[in-house]
Amino acid sequence: MRFLIVLLSLCAVSNLAEADELRAVKGLVNPESAIVGRDGRVYVSEIGEFGKNGDGKITVIDKSGSPKLFAKGFDDPKGLAAWKHWLFVTDKTRVWKIDSEGHASVFVKASDFPQPPLFLNDPAFDSRGNLYVSDTGDIEKGGKGAILKITPDGKVSLVISEAQNPGIKSPNGLLFEPSGKLLVLDFASGELLRVDVDKRTVEKVADGFGGGDGLARDSAGILYVSDWKGGHVWKLDLRHKGAKPEQYAQSFQSAADIGLSRDGKFILVPDMKAGTLYWLPK
(Lines give C-alpha, C1' and ligand atoms only; values in the text may rest on other atoms or scores of the structure.)
Protein backbone atom coordinates (compact mmCIF):
# COMPACT_ATOMS: atom_id res chain seq x y z
CA MET A 1 0.00 0.00 0.00
CA ARG A 2 1.53 3.30 -1.09
CA PHE A 3 1.49 6.54 0.82
CA LEU A 4 -1.91 8.14 0.46
CA ILE A 5 -2.32 11.88 0.15
CA VAL A 6 -5.08 13.51 2.16
CA LEU A 7 -5.98 17.16 2.31
CA LEU A 8 -3.87 18.63 5.09
CA SER A 9 -1.90 21.83 5.31
CA LEU A 10 1.89 21.95 5.28
CA CYS A 11 1.77 24.60 7.98
CA ALA A 12 0.14 24.54 11.41
CA VAL A 13 -3.20 22.80 11.09
CA SER A 14 -6.21 23.67 13.22
CA ASN A 15 -8.69 21.36 11.52
CA LEU A 16 -7.95 18.35 9.34
CA ALA A 17 -10.86 19.25 7.12
CA GLU A 18 -9.07 22.44 6.04
CA ALA A 19 -6.02 20.81 4.68
CA ASP A 20 -3.58 20.26 1.87
CA GLU A 21 -1.12 17.42 1.42
CA LEU A 22 -0.19 15.18 4.30
CA ARG A 23 1.13 11.68 3.86
CA ALA A 24 -0.78 8.83 5.41
CA VAL A 25 -0.80 5.05 5.49
CA LYS A 26 -4.26 3.51 5.78
CA GLY A 27 -5.48 -0.01 6.39
CA LEU A 28 -3.83 -0.51 9.79
CA VAL A 29 -5.76 -2.33 12.52
CA ASN A 30 -5.98 -0.15 15.63
CA PRO A 31 -2.53 1.46 15.33
CA GLU A 32 -1.38 2.62 18.76
CA SER A 33 2.24 3.83 18.71
CA ALA A 34 4.69 5.06 16.07
CA ILE A 35 8.43 5.66 16.37
CA VAL A 36 11.50 5.90 14.16
CA GLY A 37 14.00 3.12 14.75
CA ARG A 38 17.78 3.37 14.65
CA ASP A 39 17.65 2.33 11.00
CA GLY A 40 15.50 5.39 10.19
CA ARG A 41 12.39 3.39 9.36
CA VAL A 42 8.99 4.02 10.94
CA TYR A 43 7.60 1.27 13.17
CA VAL A 44 3.95 1.05 14.23
CA SER A 45 2.27 -1.15 16.84
CA GLU A 46 -1.06 -2.55 15.70
CA ILE A 47 -3.32 -3.81 18.48
CA GLY A 48 -5.48 -5.87 16.13
CA GLU A 49 -8.81 -6.93 17.61
CA PHE A 50 -9.12 -5.58 21.15
CA GLY A 51 -8.90 -8.33 23.74
CA LYS A 52 -7.82 -11.01 21.27
CA ASN A 53 -4.49 -12.48 22.33
CA GLY A 54 -1.76 -13.12 19.81
CA ASP A 55 -3.06 -11.08 16.87
CA GLY A 56 -1.11 -7.90 17.65
CA LYS A 57 1.87 -7.01 15.50
CA ILE A 58 4.59 -4.50 14.75
CA THR A 59 4.56 -3.06 11.23
CA VAL A 60 7.41 -1.29 9.47
CA ILE A 61 6.85 1.28 6.72
CA ASP A 62 9.23 0.60 3.84
CA LYS A 63 10.76 3.16 1.47
CA SER A 64 7.81 2.96 -0.90
CA GLY A 65 5.43 3.80 1.92
CA SER A 66 4.01 0.28 2.14
CA PRO A 67 3.38 -1.33 5.54
CA LYS A 68 5.21 -4.63 6.04
CA LEU A 69 4.97 -7.14 8.87
CA PHE A 70 7.99 -6.89 11.17
CA ALA A 71 7.02 -8.93 14.23
CA LYS A 72 3.85 -10.66 15.44
CA GLY A 73 2.29 -12.64 18.26
CA PHE A 74 1.55 -9.87 20.79
CA ASP A 75 -1.47 -9.34 23.06
CA ASP A 76 -2.79 -5.83 22.30
CA PRO A 77 0.67 -4.21 21.82
CA LYS A 78 0.87 -0.56 22.75
CA GLY A 79 3.88 1.71 23.35
CA LEU A 80 7.17 1.40 21.47
CA ALA A 81 10.68 2.46 22.48
CA ALA A 82 14.05 2.02 20.78
CA TRP A 83 17.40 1.30 22.45
CA LYS A 84 20.51 0.50 20.42
CA HIS A 85 19.48 -2.11 17.82
CA TRP A 86 16.44 -3.26 19.79
CA LEU A 87 12.80 -2.25 19.78
CA PHE A 88 10.78 -2.66 22.97
CA VAL A 89 7.01 -2.95 23.09
CA THR A 90 4.48 -3.39 25.90
CA ASP A 91 1.47 -5.62 25.59
CA LYS A 92 -1.18 -6.37 28.23
CA THR A 93 1.12 -7.66 30.98
CA ARG A 94 4.54 -8.10 29.37
CA VAL A 95 7.42 -6.17 27.87
CA TRP A 96 8.98 -7.59 24.71
CA LYS A 97 12.23 -6.86 22.92
CA ILE A 98 12.61 -7.28 19.18
CA ASP A 99 15.92 -7.54 17.31
CA SER A 100 16.75 -5.97 13.96
CA GLU A 101 15.45 -9.04 12.12
CA GLY A 102 12.06 -8.92 13.79
CA HIS A 103 12.64 -11.78 16.23
CA ALA A 104 10.69 -11.08 19.44
CA SER A 105 11.33 -12.43 22.93
CA VAL A 106 9.77 -11.63 26.30
CA PHE A 107 12.00 -9.20 28.23
CA VAL A 108 9.80 -8.97 31.34
CA LYS A 109 6.84 -11.24 32.08
CA ALA A 110 3.88 -10.50 34.33
CA SER A 111 5.28 -12.43 37.28
CA ASP A 112 8.44 -10.28 37.25
CA PHE A 113 6.48 -7.20 38.37
CA PRO A 114 6.24 -6.37 42.08
CA GLN A 115 2.45 -6.52 41.71
CA PRO A 116 0.36 -7.86 38.79
CA PRO A 117 0.25 -5.23 36.02
CA LEU A 118 -3.22 -4.03 35.01
CA PHE A 119 -2.67 -2.21 31.71
CA LEU A 120 0.92 -1.72 30.59
CA ASN A 121 1.14 1.21 28.23
CA ASP A 122 4.04 3.50 27.31
CA PRO A 123 7.79 2.77 27.66
CA ALA A 124 10.65 5.32 27.79
CA PHE A 125 14.41 4.92 28.29
CA ASP A 126 16.58 7.07 30.48
CA SER A 127 20.17 7.91 29.52
CA ARG A 128 21.52 4.84 31.34
CA GLY A 129 19.41 2.28 29.54
CA ASN A 130 16.81 1.81 32.25
CA LEU A 131 13.34 1.33 30.82
CA TYR A 132 10.41 3.07 32.51
CA VAL A 133 6.90 1.76 31.83
CA SER A 134 3.49 3.20 32.65
CA ASP A 135 0.76 0.96 34.01
CA THR A 136 -2.43 2.89 33.25
CA GLY A 137 -4.34 0.86 35.84
CA ASP A 138 -8.12 0.70 35.57
CA ILE A 139 -8.61 1.91 32.01
CA GLU A 140 -12.40 2.10 32.37
CA LYS A 141 -12.81 3.87 35.72
CA GLY A 142 -9.37 5.48 36.02
CA GLY A 143 -6.97 5.17 38.90
CA LYS A 144 -4.77 2.37 40.29
CA GLY A 145 -1.97 3.50 37.96
CA ALA A 146 1.77 3.17 38.48
CA ILE A 147 5.17 3.85 36.91
CA LEU A 148 7.77 1.12 37.00
CA LYS A 149 11.50 0.92 36.31
CA ILE A 150 13.14 -1.98 34.51
CA THR A 151 16.94 -2.27 34.62
CA PRO A 152 18.92 -3.48 31.60
CA ASP A 153 19.05 -6.97 33.15
CA GLY A 154 15.26 -7.08 33.54
CA LYS A 155 14.78 -6.32 37.24
CA VAL A 156 11.54 -4.45 37.92
CA SER A 157 10.84 -1.98 40.73
CA LEU A 158 8.03 0.42 41.52
CA VAL A 159 8.84 4.12 41.04
CA ILE A 160 5.53 5.64 42.10
CA SER A 161 1.83 4.77 42.16
CA GLU A 162 -1.52 6.36 42.88
CA ALA A 163 -1.39 4.79 46.32
CA GLN A 164 1.72 6.88 47.04
CA ASN A 165 0.71 10.06 45.21
CA PRO A 166 -2.86 10.89 44.10
CA GLY A 167 -1.53 12.78 41.07
CA ILE A 168 -0.58 9.47 39.51
CA LYS A 169 -4.03 8.24 38.46
CA SER A 170 -3.73 6.57 35.05
CA PRO A 171 -0.28 7.38 33.62
CA ASN A 172 0.06 6.92 29.89
CA GLY A 173 2.67 8.76 27.80
CA LEU A 174 6.23 8.97 29.17
CA LEU A 175 9.15 11.12 28.00
CA PHE A 176 12.45 11.94 29.68
CA GLU A 177 13.62 15.54 29.72
CA PRO A 178 17.29 16.46 29.25
CA SER A 179 17.35 17.21 32.99
CA GLY A 180 16.62 13.57 33.72
CA LYS A 181 13.11 14.18 35.01
CA LEU A 182 10.25 12.18 33.58
CA LEU A 183 7.27 13.81 31.89
CA VAL A 184 4.09 11.80 32.47
CA LEU A 185 0.80 12.32 30.64
CA ASP A 186 -2.19 11.05 32.59
CA PHE A 187 -5.06 9.50 30.62
CA ALA A 188 -7.69 9.93 33.34
CA SER A 189 -6.97 13.50 34.47
CA GLY A 190 -5.56 14.95 31.24
CA GLU A 191 -2.68 16.40 33.27
CA LEU A 192 0.96 16.66 32.25
CA LEU A 193 3.18 15.85 35.23
CA ARG A 194 6.90 16.07 35.91
CA VAL A 195 8.22 13.24 38.08
CA ASP A 196 11.59 13.21 39.79
CA VAL A 197 12.25 9.46 39.62
CA ASP A 198 14.90 9.60 42.36
CA LYS A 199 12.99 11.70 44.89
CA ARG A 200 9.56 10.33 43.88
CA THR A 201 8.10 13.84 43.71
CA VAL A 202 5.34 14.93 41.33
CA GLU A 203 4.79 18.42 39.87
CA LYS A 204 1.88 19.42 37.64
CA VAL A 205 3.11 21.18 34.50
CA ALA A 206 -0.14 21.69 32.55
CA ASP A 207 -3.62 20.25 32.14
CA GLY A 208 -6.58 20.10 29.78
CA PHE A 209 -5.32 17.29 27.56
CA GLY A 210 -8.49 15.17 27.76
CA GLY A 211 -7.54 11.52 27.36
CA GLY A 212 -3.81 12.22 27.34
CA ASP A 213 -1.93 9.64 25.29
CA GLY A 214 1.43 10.41 23.65
CA LEU A 215 4.33 12.83 24.04
CA ALA A 216 6.97 13.94 21.52
CA ARG A 217 9.55 16.73 21.79
CA ASP A 218 11.38 18.37 18.88
CA SER A 219 14.96 19.67 18.80
CA ALA A 220 13.78 23.19 19.72
CA GLY A 221 12.21 21.93 22.95
CA ILE A 222 8.59 22.17 21.80
CA LEU A 223 6.44 19.43 23.26
CA TYR A 224 3.60 17.85 21.27
CA VAL A 225 0.81 16.09 23.14
CA SER A 226 -1.95 13.84 21.81
CA ASP A 227 -5.47 13.53 23.21
CA TRP A 228 -6.97 10.13 22.39
CA LYS A 229 -10.49 10.99 23.53
CA GLY A 230 -10.73 14.41 21.88
CA GLY A 231 -8.75 13.61 18.74
CA HIS A 232 -6.45 16.62 19.21
CA VAL A 233 -2.73 17.27 19.03
CA TRP A 234 -1.47 20.08 21.28
CA LYS A 235 1.82 21.95 21.48
CA LEU A 236 3.50 23.34 24.57
CA ASP A 237 6.71 25.38 24.75
CA LEU A 238 8.41 24.03 27.85
CA ARG A 239 11.25 26.53 27.49
CA HIS A 240 8.97 29.11 29.09
CA LYS A 241 7.68 28.42 32.59
CA GLY A 242 3.95 28.81 32.82
CA ALA A 243 3.40 28.46 29.06
CA LYS A 244 -0.10 27.35 28.12
CA PRO A 245 -0.95 24.52 25.72
CA GLU A 246 -2.04 25.53 22.22
CA GLN A 247 -4.25 23.35 20.07
CA TYR A 248 -2.19 22.39 17.04
CA ALA A 249 -4.42 19.97 15.12
CA GLN A 250 -7.85 18.47 15.61
CA SER A 251 -10.44 16.21 13.98
CA PHE A 252 -8.53 12.96 14.40
CA GLN A 253 -10.83 10.18 15.53
CA SER A 254 -8.41 9.07 18.25
CA ALA A 255 -4.86 10.46 18.23
CA ALA A 256 -2.77 7.80 19.97
CA ASP A 257 0.93 7.57 20.90
CA ILE A 258 2.75 10.08 18.69
CA GLY A 259 6.37 10.29 17.54
CA LEU A 260 8.61 12.45 15.35
CA SER A 261 9.88 11.70 11.86
CA ARG A 262 13.62 11.18 11.40
CA ASP A 263 14.12 14.66 9.91
CA GLY A 264 12.02 16.22 12.67
CA LYS A 265 9.65 17.87 10.20
CA PHE A 266 6.59 15.74 10.90
CA ILE A 267 4.65 14.43 13.87
CA LEU A 268 3.73 10.79 13.40
CA VAL A 269 0.11 10.42 14.52
CA PRO A 270 -1.49 6.96 14.71
CA ASP A 271 -5.24 7.50 14.50
CA MET A 272 -6.41 4.31 16.14
CA LYS A 273 -10.09 4.33 15.19
CA ALA A 274 -9.37 5.48 11.63
CA GLY A 275 -6.73 2.76 11.15
CA THR A 276 -4.37 5.37 9.73
CA LEU A 277 -0.87 6.67 10.42
CA TYR A 278 -0.51 10.35 9.52
CA TRP A 279 2.58 12.49 8.90
CA LEU A 280 1.43 15.79 10.42
CA PRO A 281 3.69 18.72 9.36
CA LYS A 282 5.24 20.81 12.10
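The values are calculated or read from the model by the stated rules, or taken from the named source; none is laboratory data. Just so it is clear, the model here is predicted, and its values are computed rather than measured. In this analysis, Cβ positions are derived from the backbone assuming ideal geometry, glycine residues included, and neighbour counts consider all displayed protein chains. Just the protein is used for accessible areas: all its heavy atoms, side chains included, with ligands, DNA and RNA removed. Shrake-Rupley method; radii C 1.70, N 1.55, O 1.52, S 1.80 Å.
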**Prompt:** Which net charge results when you count Lys and Arg as +1 and Asp and Glu as -1 among the other residues whose beta-carbon is under 9 Å from that of Asp257?
**Reply:** -2
**Message:** For the chain, what does the accessible surface come to per residue with a 1.4 Å probe? Please give it in Å².
**Reply:** 44
**Complete:** Of the convex hull drawn through the C-alpha atoms of the range 83-173, the volume per residue in Å³ is 93
**Message:** With an 8 Å Cα cut-off and a minimum separation of 6 or more residues, compute the relative contact order for the chain in percent.
**Reply:** 15
**Complete:** The orientation-averaged projected area of the Cα convex hull of the range 220-282, in nm², is 4.2
**Alpha-carbon centroids, the range 180-248 and the range 80-104: separation in whole Å** = 25
**Prompt:** How large is the charge dipole for the chain, taken about the Cα centre, if only the Cβ atoms of Lys, Arg (+1) and Asp, Glu (-1) carry charge, to the nearest 20 debye?
**Reply:** 440
**Fill in**
Env charge @ Glu177, Cβ radius under 9 Å, K,R +1 / D,E -1, value +3
**Request:** Could you give me the percent of Cα pairs per 10 Å distance bin for the chain, shortest bin first, beginning at zero and ending with the bin that holds the maximum distance?
**Result:** 7, 32, 38, 20, 3
**Asked** Using the reciprocal of the averaged 1/r over all distinct C-alpha pairs, how large is the Kirkwood radius of the range 45-100 in Å?
**Response** 11.5
**Request:** Just the number, please: carbon plus sulfur as a percent of the accessible area of the chain, 1.4 Å probe, no ligands or DNA/RNA counted.
**Result:** 49
**Asked** Under a Cβ-Cβ cut-off of 10 Å, what is the net charge of the residues other than Ala243 that fall near it, where Lys and Arg count +1 and Asp and Glu count -1?
**Response** +2
**Request:** Could you tell me what percent of the DSSP beta bridges with both partners in the range 175-234 are antiparallel, to the nearest 5?
**Result:** 100
**Fill in**
So for R0 = 30 Å, FRET eff. of Arg239-Arg262 from the Cβ-Cβ r, to 0.05, ends up at 0.85
**Prompt:** Per Stokes-Einstein, at 20 °C and 1.002 mPa s, what whole-number D in µm² s⁻¹ belongs to the range 158-273, with the Kirkwood radius over Cα pairs as the hydrodynamic radius?
**Reply:** 151
